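Take a look at the structure below.
What follows is calculated from the coordinates using simple rules that are stated; it is not laboratory data. This structure is a prediction, so every number in the text was calculated from the model and none was measured. Note that we place each Cβ from the backbone using ideal geometry, even for glycine, and neighbour counts take in every protein chain shown.
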Amino acid sequence: MTQQDLDEMAALLSDPEVMRHYPAPKSRQEAKDWIAWNERNYAEHGFGLWIIELTDGTFVGDCGLTIQKVAGEGLVEVGYHVSTAWQGRGLATEAAGAVRDTARDAGIPHLVAIIRPDNRPSQRVAQKIGLRLERQIVKSGAEALIFGADLSAVP
């Protein structure tokens, strides 16, 4: 993901349907900041969210790894956003599965997905890639579920 992806990322992150489990859709400036955050993640951690594309280059969304703070602990999270036109086709599951495998290959021992309780589609993606409900927390002032797995135990 680079600033060259701004138009696609701004469209994705400003879509009320894609962002319905966030406090609000993001502005173009916030999308630009999102990309800059990922560029910092690449430099600092060697990973971040990456662009999801079809083989013909069609933009689908983003998916990847980020560090999320939970009770003072830095957890490696798989995150994903798929544009409305491409939802329900298994692309988030395919991308998240590839990211899970990348995390395992990089030696990351434990992977989580932090998901709002009402976000059933995202919970299904997490379960399909082998993550299981570990606990419930409050994050950013709202309830969240942590799905996770030790990657050595996930096929």
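Data for the structure
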item	result
Simple label model, 7 Å out from Cα along Cβ direction - Q3 to H45, nm	2.3
5 angstrom amide H check on G48, placed H, neighbours 5+ away	L65
Debye, to nearest 20: dipole size of the stretch 1-143, +1 on Lys, Arg Cβ, -1 on Asp, Glu Cβ	580
Around P155: net Lys/Arg minus Asp/Glu count, Cβ-Cβ under 11 Å	+1
The stretch 1-31-the stretch 40-89 distance, computed between alpha-carbon centres (Å)	13
Eligible aspartates and glutamates near K26 by straight Cα distance, threshold 17 Å, same-chain separation 8 or greater	D5, D7, E8, D15, E17, D62
Using θ = phi - 60° and Karplus 6.51 cos²θ - 1.76 cosθ + 1.60, couplings along the stretch 11-27 (whole Hz; Gly, Pro as x)	5, 5, 6, 9, 6, x, 5, 5, 9, 4, 9, 10, x, 6, x, 9, 6
Under the Karplus curve 6.51 cos²θ - 1.76 cosθ + 1.60, θ = phi - 60°, whole-Hz ³J(HN,Hα) for the stretch 56-63, x wherever Gly or Pro sits	8, x, 5, 5, 10, x, 9, 6
Extension gain, V70 back to S140 (0.36 nm per residue minus Cα-Cα distance, nm)	24.2 nm
Relative contact order (percent, whole number), the chain, Cα cutoff 8 Å, 6+ residue spacing	16
The chain, helix-only ellipticity at 222 nm - DSSP H runs n ≥ 4, -39,500 (n - 2.57), divided by all residues, nearest 500	-10000 deg cm²/dmol
